[in-house]
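The values are calculated or read from the model by the stated rules, or taken from the named source; none is laboratory data. Remember, predicted model here, so these are calculated numbers, not experimental data. Here the Cβ positions follow ideal geometry from the backbone for every residue, glycine too, while neighbour counts run over all protein chains shown. Only protein heavy atoms, including side chains, enter the accessible area calculation; ligands, DNA and RNA are left aside. Shrake-Rupley method; radii C 1.70, N 1.55, O 1.52, S 1.80 Å.
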Amino acid sequence: MISIINSLIIKIITLLPKSIVQLFAGKYVAGENHKTALGVVKSLNNQGFSATIDILGEHVKDVFEAEQVTSEYLNLFDEISESDLDSNISIKPTHIGLDVADSEFISNLQLLIEKADSHKNFLRIDMESSSVTDTTLRAYTKMLKKTKALGTVFQAYLFRTLDDIKNIQNEHLNYRLCKGIYRESEDISIQDRNGINKNYLKILRHTFMVNNYVGIATHDINLLEEIYSLIKELNVPIDRFEFQVLYGVPMSGWLEKHLENGYKVRVYVPFGPNWYDYSIRRIKENPNIAGYVIKNLFR
Ligand SMILES: Cc1cc2nc3c(=O)[nH]c(=O)nc-3n(C[C@H](O)[C@H](O)[C@H](O)COP(=O)(O)OP(=O)(O)OC[C@H]3O[C@@H](n4cnc5c(N)ncnc54)[C@H](O)[C@@H]3O)c2cc1C
């Protein structure tokens, strides 16, 4: 019954006015402007967490807008440094120009890498849908020859992922490993939850064996149990990985558990006026969506 109500709510949620959706979105988004987001990061740092900041938005079609977004990110690097915050930055390729032209994306990426380098900070390229995986990985591999301040993301649901990782020859590989959020076809991706988890662990085992640095990005408690066992089995040094979570997703005590074990935890902190698409994705992933939506409607 609950699952029927959940899928019904998923169907109607995109039909609701934005003002209503915003009632549920707040929890997943650190406000609309950079001051609020930096405040959230400061508070997370005070609780022992690192952060990565993301300005919400994607699929920018206009060259000036892509450059405007890039310039907001450049300022953000300055502000993180001025406020002495423990945070790096995550960007989406189509937010900084990939839908305009590959060259636009590359030149904006170059500016951001130079800025990250100048502050001894770090830039991560989020992974979007499979239509841009090749371009994203090409850019990442090319830029990685010039800097250590750059990472990307790999998605465990794609068949290609382990080969992609093996194909990048660089001793400074630093990637976030997540399950993957976009709807991909069965020709190129694993569709079932168990299969994705199995592949996640296979990729993680390889990662630990070859000593790549990894951001373990999952809220899946069963998977986390297995990851803890793998870390123990392989005796992985704590400076070879960190755990990563999305701002606002409940973790039933696991964040504290990570910290107690001496593991680094990084919270992904998204903000900005373009909160809608991101929030809808998060709401749809919430297994208690019905209860959550109803509670917030009556709050
Ligand atoms: C730091 C970080 C960065 C990411 N970056 C990318 C990226 O660049 N590209 C990409 O494709 N994907 C990215 N993702 C999203 C990721 O691919 C998954 O879609 C998402 O994390 C859910 O997968 P899961 O591993 O948490 O497992 P799931 O099986 O989806 O969830 C496990 C459990 O977590 C809890 N949970 C998960 N989501 C919610 C929610 N919204 N509200 C309440 N509870 C929830 C529930 O208890 C659920 O049962 C990122 C995720 C994280 C944590």
| Measuring from centroid to centroid over Cα atoms, what is the spacing of the range 108-177 and the range 46-103 in Å? | 15
| Over all Cα pairs of the range 166-225, how is the pair count split among 10 Å bins, expressed in % and running from 0 up to the last occupied bin? | 19, 50, 29, 2
| remark: Rounded to a whole number, the Stokes-Einstein D of the range 66-217 in µm²/s (Kirkwood radius over Cα pairs; 10 °C; 1.306 mPa s) is 99
| note | Carbon/sulfur accessible area of the chain, % of total, 1.4 Å probe, equals 52
| said: So, for the chain, what is the accessible surface per residue at a probe of 1.4 Å, expressed in square angstrom? | reply: 49
| said: Quick check: from the Cα gyration tensor, does the range 1-50 come out rounded (a/c under 1.5), prolate or oblate? | reply: oblate
| query | Any idea what the alpha-carbon Rg over 2.2 N^0.38 Å comes to for the range 1-134? | reply | 1.22
| request: Using a cut-off of under 19 Å, list every residue of the range 85-107 whose amide N is near the label point 7 Å from the Cα of PHE64 along the Cα-to-beta-carbon line. | output: 95-101, 104-105
| task | Report ³J(HN,Hα) in whole Hz for each residue of the range 115-125, in order, from the Karplus equation J = 6.51 cos²θ - 1.76 cosθ + 1.60 where θ = phi - 60°; Gly and Pro get x. | result | 5, 4, 4, 5, 9, 6, 10, 8, 10, 10, 8
| remark: One would report the antiparallel percent of DSSP beta bridges in the chain, rounded to the nearest 5, as 5
| message | I want to check the label-to-label distance for GLN22 and VAL210. Put each point 7 Å from Cα in the C-beta direction and report it in nm to one decimal. | response | 4.6
| said: How high is the relative contact order of the range 185-299? Use alpha-carbon pairs under 8 Å, at least six apart in sequence, and give a whole percent. | reply: 19
| task | Report relative contact order for the chain in percent, whole number only (criteria: Cα-Cα under 8 Å, sequence separation at least 6). | result | 26
| query | With labels modelled as points extended 7 Å from the Cα through the Cβ direction, what inter-label distance (nm, one decimal) is found for ASP86 paired with ASP187? | reply | 4.6
| query | Based solely on its DSSP helices, what 222 nm [θ] is calculated for the chain when runs of n ≥ 4 H residues each add -39,500 (n - 2.57) and the sum is averaged over all residues, nearest 500 deg cm²/dmol? | reply | -15500 deg cm²/dmol
| note | The Rg/Rh figure for the chain, Cα atoms and Kirkwood Rh, to two decimals is 0.94
| note | Scoring the range 1-117 by relative contact order with C-alpha pairs under 8 Å, at least six apart, yields a percentage of 24
| note | A chain fully extended from GLU256 to LYS142 at 0.36 nm per residue, minus the present Cα-Cα distance, gains in nm 37.3 nm
